[in-house]
Amino acid sequence: KTPVIIDCDPGIDDIMALLFAFASETLNILLITTSAGNQTQDKTVSNALNFLDYMGQNVEVARGLDQPFYKDLQIADHVHGESGIGDVTFPISKRKESKRYAMEAMVETLTKATEPITIIATGPLTNVGALILAYPHLKPKIKQISLMGGAAKGGNVTPTAEFNIHVDPDAADIVFRSGIPITMSGLDVTHKAYLSQADVNELEHFQTNLSDKLVSMIRFYQDGGDRTPFHEENYNDVIRLHDLCAVAYVVDPSLFEGDDYFVSVERMGTYTNGATVVDYDKRSGQTPNVRVLYEVNREKLVSLFLRAVKHCS
Ligand code: BDR
Ligand code: CA
């Protein structure tokens, strides 16, 4: 099994990604750490704990940093709601969060690991960036970082920046310059990793407690509850499961296509703060540092996702 640490900010699509990871027979989840992003740290850590408890998963959940390196925290409550998971509630977890903070837990997990560990990151890269900055000698212990973030083209917060990178570009910069192999599931591929209305209807027909909760979250995510329609307006009636890609790539890379490029994170500029600049034409003279994904076998991904829900129900 592939040993992984998952750093996430649940987050509606983070919940779908966690579920997919729980259902996978090829991942060994050693630790879950939470980042502040879709909601504040207090909310993402309790969403993770409550969901894990609900799913009967006994993985340690460790609280991460509650602010980006330099910027003020920008949350996405207009997409994920006040709680971070739409209008769904999971019972309050009987288990408590770890006594260790995310950084300590990651350091200790990496230090004692007998084989390199994969980090899956589905939120802003604050925790992972801080880890690399403070403990560079642990880099060889990290096999790869599969992250949801960035975009070769366009953005979903500004014309050039995707949310996870835009929230903490300084941390992302540390990660992208670390020399650790990185796979970037940016908007180029995650916009193709969507559920259609027919897929959601299929999920609805499962009629289990879990599927009902997922459908409610999805509908919230789709129409933004009673606020300004978000996905409907911007994304033509499909539901993008961005974070699922970062997990699915580790489970089965053959679902995706991508190429290696030099990618840097822009930390300045009115319209470019948080942009991931992909050197398509090899103008920088820099060695490629990131596998940039651009294609996904959507049908297969969706059927694996639906199978995962069935498996966990
Ligand atoms: C990313 O931003 C968050 O809102 C999602 O959870 C995902 O990680 C998409 O840009
Ligand atoms: Ca996320």
Taking alpha-carbon centroids only, the range 246-313 lies from the range 8-51 a number of Å equal to 19
Taking every DSSP bridge whose two residues both lie in the chain, the antiparallel percent to the nearest 5 is 30
log10 I(q)/I(0) for the range 129-279, Debye formula on C-alpha points only (no solvent), q = 0.15, 0.17, 0.21 Å⁻¹, two decimals, reads -0.88, -1.05, -1.31
The distance between the Cα centres of the range 63-82 and the range 117-188, in whole Å, is 16
As straight-line cross-link partners of Lys192, the qualifying lysines (C-alpha separation under 17 Å, not fewer than 8 residues apart within one chain) are Lys153, Lys300
Semi-axes in Å, largest first, for the range 69-154 (Cα gyration tensor, √(5λ)) are 27, 20, 13
For Lys141, the lysines lying under 25 Å Cα to Cα, once residues fewer than eight places off in the same chain are dropped, come out as Lys1, Lys99, Lys112
Listed with the fewest Cβ neighbours within 10 Å leading, Ser313, Ser24, Ser185 appear as Ser313, Ser24, Ser185
Relative contact order in percent for the range 77-182 (Cα pairs under 8 Å, 6+ apart) equals 25
So the compactness index of the range 76-209, its C-alpha Rg divided by 2.2 N^0.38 Å, takes the value 1.25
Here the averaged projected area of the chain, based on the convex hull of its alpha-carbon atoms and given in nm², is 14.7
Relative contact order of the chain (C-alpha contacts under 8 Å, at least 6 apart) in percent is 20
Taking only C-alpha positions in the range 1-76, Rg and Dmax in angstrom work out to 12.4, 39
With Cα springs under 10 Å, the Gaussian network model of the chain assigns the largest mean-square fluctuation among His191, His137, His78 to His137
So, over other residues within a Cβ distance under 14 Å of Val292, counting Lys, Arg +1 and Asp, Glu -1, the net charge is -4
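Computed from the coordinates by the stated procedures, all read-outs in this text should not be read as laboratory data. Predicted model, so just to flag it, every value in this text is computed and none were measured. So basically every Cβ, Gly included, is an ideal-geometry build from the backbone, and we count neighbours across all protein chains shown.
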